[in-house]
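The values are calculated or read from the model by the stated rules, or taken from the named source; none is laboratory data. Only a predicted model underlies this, so the values are computations on that prediction, with no experimental measurement involved. With ideal geometry, Cβ positions are generated from the backbone for all residues, glycine too; neighbour counts draw on all protein chains shown.
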Amino acid sequence: MRRFNTTTGFPTPAAEKAHSLDLNELVIHNRPSTYFLRASGDRPELGIAKGDVLIVDRSLNPREGDIAIVVEDNELHLKEVTPLAIRSWTNVNLQGTPTQEVFFGIVTWIMHETRSKR
């Protein structure tokens, strides 16, 4: 990953005002548990469009309001985390088998292209 220096406002002669920006440091907090997934459809209520890159951290515990990736019928799905959803991921049904929906990870960043593809 290449590093670029960025400044805000007018350029200044003071070199310490420049900040280094490294996308790996910014979006990856636990490398072994981080996955990059591409959205296959639109979820405008979650701010996600088809083709967006989702950065997912499997080491995080779900909190209300997070966007989660869940596995259902061997497919990945997006779901907004609610208290009910959290309970369903940690419970088993009355027959003792796991629930149909399995928690995979938390979306920590959404990347989307802003340039037109003409």
Next on the checklist: Quick check on the range 62-72. Is at least one of its residues surrounded by fewer than 16 Cβ atoms within 10 Å (Cβ to Cβ), modelled with pLDDT under 90 and of a type in the set (Asp, Glu)?
Outcome noted: yes
Checklist entry - Filter the range 84-106 for residues that are at pLDDT below 75 and closer than 21 Å to Leu37 by Cβ; which is nearest to the chain's Cα centre (by Cα)? => result Trp89
Checklist entry - Given the structure, is Thr114 at pLDDT 95 or above and either in contact with a strand residue (DSSP E or B) (Cβ under 8 Å, 6 or more places away or on another chain) or not in a strand (DSSP E or B) (or both)? => result no
Checklist entry - Can you name every residue in the range 2-51 that is at pLDDT below 90 and on the phi > 0 side of the Ramachandran plot? => result Gly9
